[in-house]
Amino acid sequence: MECGCVCVQDMLALRRAAEAGRVEEVSAAVEGGLTGEQASELLWWCARSGQVEVGRVVLGVEGVDVNAWYPTGGSAPLHAAASRGNLDVIQLL
């Protein structure tokens with residue numbers, strides 16, 4: 001039985017898509033079975049890079065945690081958005 005989750009290599013490509021604002025790629029991953037934990041990580045990258053439209057897509061994933069602490073970045077999505085002055089993302093969160 002497949003879990004429907006995205007593998008580590010695909011997550012790197014997906015992270016880059018999220019940072020670049022490629023909504024279609026992220027939407028396809030969401031439809032393909034992105035887990036809440038994976039979505040929470042992507043949300044951090046969206047917040048950091050100011051990608052509000054991608055953030056909206058990611059927030060639609062069941063189990064996404066807007067308060068999840070991203071260890072590599074050392075903060076939660078709100079902190080990542082605030083540190084970069086991404087006001088649209090702050091309002092979204």
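The values are calculated or read from the model by the stated rules, or taken from the named source; none is laboratory data. None of these values were measured; they are calculated from a predicted model. All Cβ positions, glycine included, derive from the backbone under ideal geometry; neighbour counts span all protein chains shown. In case anyone asks, the SASA skips ligands and DNA or RNA and just uses the protein heavy atoms, side chains included. Shrake-Rupley method; radii C 1.70, N 1.55, O 1.52, S 1.80 Å.
Annotations
- Pairs linking a residue in the stretch 19-31 that is part of a helix (DSSP H, G or I) to a residue that is crowded, with 16+ Cβ neighbours inside 10 Å and of a type in the set (F, W, Y), with Cβ atoms under 9 Å and 6 or more positions apart or on different chains, are E19/W45.
- The stretch 47-63, residues that are open to solvent by 30 Å² or more (accessible area, probe 1.4 Å) and of a type in the set (A, V, I, L, M, F, W, C): V57, L59
- Listed by first and then second residue, the pairs with beta-carbon distance under 8 Å, at least 6 apart or on different chains, first residue in the stretch 66-93 and more than 18 Å from E53 (Cα to Cα), second open to solvent by 50 Å² or more (accessible area, probe 1.4 Å) and of a type in the set (S, T, Y), are S75/S83.
- Test: residue in the stretch 65-76 that is in a helix (DSSP H, G or I), surrounded by 16 or more Cβ atoms within 10 Å (Cβ to Cβ) and under 10 Å from the mean Cα position of the chain (by Cα): no
- Test: residue in the stretch 35-42 that is surrounded by fewer than 20 Cβ atoms within 10 Å (Cβ to Cβ), among the β-branched types (V, I, T) and not in a helix (DSSP H, G or I): yes
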